[in-house]
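Note sheet for the following structure.
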């Protein structure tokens, strides 16, 4: 689905306002462009328009920022068709210095026009060039508040290699893994095949810096390893190979605490892929086959194991230095051990996404969740913290 940009600015910059203005930023240059758009559609549908002014800004696949339609239906995944931000005449410029809050718009070669001030940015971006600290750094440069993790936490959470090193350094349980850097496998495939074999089969071959299960292959035969590495490297030249963990896939949503308060964990949820066409919880299962996936929340686990998952989720959030929100994915092994799989610092908000669904099952509605995230961002200081 291709969605045209907004033809004119939707807001009057001279109109007095008595509520915060939120810029929803989505799309972007990563392979998760369409998922970002769908996430934005969910937030546009749920955000309280009586409490916030909303400015939807899309980033095209080439990196251009444009005003876009604020109709949630324009950004939904419909019948397998993925939404996309298209280029248009109304290009948006961020504030140009710290203390400046005014957005500007360039249209058809005309001089820059004020679009109005913005109080907080909700960067609904997934993957590189958005979820990895790049956008966060740009916003930090002009002291513009935003939802979610800061520069370092975003970068750590995006890079599965660095993330695992940080988690291990904090004593959190992780699966055995190895990292294959650009060119290494081609230089010595025999050594790397032996290294991967030592992890035990099956293994999961993943791009180090991608999400939404893009480029991930479950390898059960070492003969399939070169193709799996090549598939991962279509998304990232650095590849992580993880030992397969025998256990149940459990997720937990974490929400940052108010000033002086600890982070909060939802009831953990379990994802069960019921459609046998999916070998694991892959891209199609996540976003294109709602009927083939079942979420149970709270997961059917003993009470002490549920509490252990929640505690480890918060410890993971804190270890990475997250702010605002994160989803922590773990495995619960047959002996009730908990192994951290990964942390996602900007989880999806699509209709199928587990983060808002787990909070809904924990007593926090989708609109209230968005409100809390915006309030957390508005309440935190700019600069070093």
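Could you check the stretch 178-202 and list, in sequence order, the residues that are surrounded by fewer than 18 Cβ atoms within 10 Å (Cβ to Cβ), within 25 Å of the chain's Cα centre (by Cα) and either touching a residue at least 60 places away in the same chain (Cβ under 8 Å) or part of a helix (DSSP H, G or I) (or both)? Result: 178, 179. Residues that are within 28 Å of the chain's Cα centre (by Cα) and closer than 17 Å to residue 59 by Cβ within the stretch 91-114 comprise 91, 92, 93, 94, 95, 103, 104, 105, listed in sequence order. Based on this model, can you work out whether residue 298 counts as part of a loop (DSSP other than H, G, I, E, B), in contact (Cβ under 8 Å) with a residue 24 or more places away in the chain and in contact with a helix residue (DSSP H, G or I) (Cβ under 7 Å, 6 or more places away or on another chain)? Yes. Scan the stretch 151-165 and give yes if some residue there is assigned to a helix (DSSP H, G or I), out of contact with any strand residue (DSSP E or B) (no Cβ under 7 Å at 6 or more places or on another chain) and free of Cβ contacts under 8 Å to residues at least 12 places away in the same chain, otherwise no. Yes. May I ask you to verify whether residue 310 is under 17 Å from residue 359 (Cα atoms), buried (at least 16 other Cβ atoms within 10 Å of the Cβ) and modelled with pLDDT of 95 or more? Taking the combined requirement at face value, the residue satisfies it. Given 205, 196, 191, which one is closer than 28 Å to residue 314 by Cα and not assigned by TED's automatic domain parsing to the domain that holds residue 319? One residue alone meets the criteria, 205.
Quick check on the stretch 79-95: of everything there that is at pLDDT below 90 and within 28 Å of residue 46 (Cβ to Cβ), which residue is surrounded by the most Cβ atoms within 10 Å (Cβ to Cβ)? Result: 90.
Hey, residue 211 hits all of (1) in contact with a strand residue (DSSP E or B) (Cβ under 7 Å, 6 or more places away or on another chain); (2) within 13 Å of residue 185 (Cβ to Cβ); (3) assigned to a loop (DSSP other than H, G, I, E, B) but one; which does it fall short on? All conditions pass for residue 211, except number (2).
The residues listed here are 149, 98, 153; of these, the one that is loosely packed, with under 15 Cβ neighbours inside 10 Å and touching a helix residue (DSSP H, G or I) at 6+ places or on another chain (Cβ under 9 Å) is 98. Residue check: residue 338 meets all listed conditions (1) buried (at least 16 other Cβ atoms within 10 Å of the Cβ); (2) under 17 Å from residue 42 (Cβ atoms); (3) in contact with a helix residue (DSSP H, G or I) (Cβ under 9 Å, 6 or more places away or on another chain) but one, namely (2).
The values are calculated or read from the model by the stated rules, or taken from the named source; none is laboratory data. Keep in mind that what you see is a predicted model, and the values were worked out from it rather than measured. So basically every Cβ, Gly included, is an ideal-geometry build from the backbone, and we count neighbours across all protein chains shown.
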